[in-house]
Amino acid sequence: MAAKSLFHGMRSFLILWFGQFVSSIGTGLGSFALGVWVFQTTGSTTQFALIGVVTGLALIVMNPVGGALADRRDRRQLMILGNAGSGLTSLLIAALLLTGRLQVWHVYPIVFVLMSCMALQGPALLSSISLLVPREQLARSSGMMQTARAVSLIIGPLAAGVLVGTIGYGGVVFIDCLTFFFAMATVLAVRV
């Protein structure tokens, strides 16, 4: 009974939150594995650091676009498109890794596209929270989003470190791909 009142009116948010939490862990898996692959392939910390530079540039360029679109377009559609684009981009990386065809120069434009897709869905997700939860639950939902992000930053790389030795870089990135499609399925299950 206490749990019912604790999360009263948050069913849709909880579904969406869980999908994003799983996707965030997947992103941590994929990002860590791809970064380690670049470093092991090149032995260059500069090449490794360029992934972060490209990530930052994509977010600087695309976050304002994502915010503007979230104000003008269907937020649910933006979240679906962002997750689908991210999932397909991760699938491309996984396929290139699994077939041994990934080149270091491929990583940078692919990461730019991946982060651009995530920047499209991020503002739509954040602006949808206030539509999904009662006013008295806004602080709780915001705290849950921040906690999920922090936990995924710990779990993702830790799990990737274990999984790379077991299923390889391609397998880890493929799991990342699956988590984007899982997140997309949770968005499809919710009405925003």
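The values are calculated or read from the model by the stated rules, or taken from the named source; none is laboratory data. Predicted model only: the values in this text are computed from it and were never measured. For neighbour counting, all protein chains shown are included, and Cβ atoms are generated from backbone atoms with ideal geometry for every residue, glycine included. Quick note on the areas: whole protein, heavy atoms, side chains included, nothing else; ligands and nucleic acids left out. Shrake-Rupley method; radii C 1.70, N 1.55, O 1.52, S 1.80 Å.
Taken over segment 110-130, the criterion of being over 14 Å from M79 (Cα atoms) and in contact (Cβ under 8 Å) with a residue 12 or more places away in the chain is satisfied by I110, V111, F112, V113.
So which of R191, R149 ends up being part of a helix (DSSP H, G or I) and either touching a residue at least 60 places away in the same chain (Cβ under 8 Å) or touching a helix residue (DSSP H, G or I) at 6+ places or on another chain (Cβ under 6 Å) (or both)?
Details: R191 fails: part of a helix (DSSP H, G or I).
Just a single option satisfies the conditions, and that option is R149.
With respect to the conditions (1) over 18 Å from T27 (Cβ atoms); (2) touching a residue at least 60 places away in the same chain (Cβ under 8 Å), L69 falls short on a single one, namely (2). For segment 98-106, check the following and say yes or no: at least one residue is among the aliphatic types (A, V, I, L, M), more than 26 Å from L78 (Cα to Cα), free of Cβ contacts under 8 Å to residues at least 12 places away in the same chain and in a helix (DSSP H, G or I). Within segment 98-106 (the criterion being among the aliphatic types (A, V, I, L, M), more than 26 Å from L78 (Cα to Cα), free of Cβ contacts under 8 Å to residues at least 12 places away in the same chain and in a helix (DSSP H, G or I)), the answer is no, since none of the residues qualifies. Look at segment 165-186: where a residue is over 14 Å from A84 (Cα atoms) and a partner is open to solvent by 60 Å² or more (accessible area, probe 1.4 Å), sitting 6+ places away or on another chain with Cβ atoms under 6 Å, you get G170/L98. Summed over segment 17-37, residues that are without any contact (Cβ under 8 Å) to a residue 60 or more places away in the chain and either within 12 Å of the chain's Cα centre (by Cα) or open to solvent by 30 Å² or more (accessible area, probe 1.4 Å) (or both) total 0. Starting from residues that are touching a Phe, Trp or Tyr at 6+ places or on another chain (Cβ under 8 Å) and of a type outside the set (S, T, N, Q), keep the ones in segment 143-163 and report whichever is farthest from S31 (Cα to Cα). The extreme case among them is M144.
Kindly provide the set of residues from segment 72-109 that are open to solvent by less than 20 Å² (accessible area, probe 1.4 Å) and within 14 Å of G30 (Cα to Cα), ordered by number. Answer for segment 72-109, where residues must be open to solvent by less than 20 Å² (accessible area, probe 1.4 Å) and within 14 Å of G30 (Cα to Cα): S86, G87, T89, S90, I93, A94, V107.
Of the listed requirements (1) within 16 Å of the chain's Cα centre (by Cα); (2) more than 19 Å from V172 (Cβ to Cβ); (3) without any contact (Cβ under 8 Å) to a residue 24 or more places away in the chain, M79 misses just one: (3). Going by what's in this entry, would V133 be described as among the β-branched types (V, I, T), in contact (Cβ under 8 Å) with a residue 40 or more places away in the chain, within 24 Å of I15 (Cβ to Cβ) and open to solvent by 30 Å² or more (accessible area, probe 1.4 Å)? No. For segment 38-66, give me each residue that is open to solvent by 60 Å² or more (accessible area, probe 1.4 Å), under 22 Å from A94 (Cα atoms), without any contact (Cβ under 8 Å) to a residue 12 or more places away in the chain and of a type in the set (A, V, I, L, M, F, W, C). F39, V53 - these are the residues of segment 38-66 that are open to solvent by 60 Å² or more (accessible area, probe 1.4 Å), under 22 Å from A94 (Cα atoms), without any contact (Cβ under 8 Å) to a residue 12 or more places away in the chain and of a type in the set (A, V, I, L, M, F, W, C). Consider A119 carefully, then state whether it is surrounded by fewer than 20 Cβ atoms within 10 Å (Cβ to Cβ), among the small types (G, A, S) and within 17 Å of the chain's Cα centre (by Cα). For A119, the condition - surrounded by fewer than 20 Cβ atoms within 10 Å (Cβ to Cβ), among the small types (G, A, S) and within 17 Å of the chain's Cα centre (by Cα) - is not met. Being of a type in the set (K, R) and farther than 18 Å from L16 by Cα is a condition met by no residue of segment 127-140.
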